Every structure is written in structure tokens, then in C-alpha cells.
Amino acid sequence: MHALLILDMQVGLFHGPDKPWNGEALLNTLNSLLSKARKAGAPIFLARHVGPPGSPIEPASPLTQLVQELLLEGDEVIFEKSRPNAFYRTDLADRLKACGSQGVVIAGMKTQYCVDSTCRAARDLGFDAVLIANGHTCADTPALKAESIIAHHNATLAGPFCRVMHAEDWRF
């Protein structure tokens, strides 16, 4: 069984000054994945990226809270991380193993940071990593448009680091 892992869908990133590309479509995709995971009885994990106390992204900050547009039902495991890799200094790997997950389906934000790092780490830790091609996003950067960043990561990560599938094609 694969668990669903949604990364950093938090107020400060999603509703911040740098608007994520195709945000509404992403929310629809994530809510569809949440529904599919629940129907299949798959574990659901959501990560919140937080910083140290006193920083703008301290754990209690409104900026680090998950966006209300996600259809959460209270059956999810919500955990905090402090680095782009969701496995680093968290108990995510142990929790995945404890619930019998051989793989993890990765979605959320931001493509070139936490999504990329977590995909690479998952495979290194022995999990079957699946990246949802239309399930992650970021904002434009001075160097590249978000759409190009997403396409580049889908192409680069596919194969050596994870399987890349569209949400419509994924079955838990």
C-alpha cells in the first residue's frame, strides 16, 4: 500500500505574495487524492514547514497553518518539518513503515524544494516514490516560469528517483 504525502500546503506559501502556478487546479487535484486515499484506506500525511521560535514561520504562525481549502477530516497525520526533505529529522519513515506502506505518493509545494528533496529521499530510504505530475506547484522565479520548473522536475525525477503519474491515473 502507498500512503499519501501532501507537502507544505500552508497559508504563507499558497496565499502569499508569490502566487503558485495553477493553484485552483492543484487544490482540486489534492482534494481528489485525499478522497481516493480515504476510500482505499490509505494513510494520509501532511507536512508543515516551520522555522524556529520567533521566526515568521514559527510553528504557531498563521503562515504555517494548512490552507482551509484542503478537505481534511481529522483522519490525517499532520507533522512539522524544518528542512525541504520531509524525512529529515522527522518520524515520517517510521510512521510509513508502522502502517505498512511500501510507497509514498508525493504532492504539494514547492516543486523545486520540498517536493524534489522528498522524492529523492523516499527512494533512498527504500520507499516506492510516486510523484503526482499534476499534483505539485511553485511560483515563477526570476530565472524560470513555474510551468517550466514543474515540467523539468517531472522529467528529471521520473525513473531514477520516482515514478511520475497523473492523479487521474493513480489508484491507491
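Overview of results
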| read-out | value |
| --- | --- |
| Residue count, the stretch 124-134 (criterion: closer than 17 Å to PHE45 by Cα and part of a strand (DSSP E or B)) | 5 |
| Output for the stretch 59-111, where each listed residue is more than 17 Å from ASP128 (Cα to Cα) and touching a Gly at 6+ places or on another chain (Cβ under 6 Å) | LEU63 |
| Matching residues in the stretch 62-93 - criterion: being polar (S, T, N, Q), buried (at least 17 other Cβ atoms within 10 Å of the Cβ) and part of a loop (DSSP other than H, G, I, E, B) | ASN85, THR90 |
| Complete set of residues in the stretch 98-116 that are closer than 13 Å to ASP8 by Cα and either out of contact with any helix residue (DSSP H, G or I) (no Cβ under 9 Å at 6 or more places or on another chain) or assigned to a loop (DSSP other than H, G, I, E, B) (or both) | LYS110, TYR113, CYS114 |
| Test result for ALA121, at pLDDT 95 or above, within 26 Å of PRO20 (Cβ to Cβ), outside any loop (DSSP other than H, G, I, E, B) and more than 12 Å from the chain's Cα centre (by Cα) | yes |
| Members of the stretch 124-144 that are within 16 Å of ASN22 (Cα to Cα), free of Cβ contacts under 8 Å to residues at least 60 places away in the same chain and of a type outside the set (Ser, Thr, Tyr) | ALA133, LEU144 |
| Selection status of ALA42, outside any loop (DSSP other than H, G, I, E, B) and hydrophobic (A, V, I, L, M, F, W, C) | no |
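The values are calculated or read from the model by the stated rules, or taken from the named source; none is laboratory data. All values derive from a computational prediction rather than experimental measurement. When we count neighbours, we look across all protein chains shown, and the Cβ atoms used for this are built from the backbone with ideal geometry, even at glycine.
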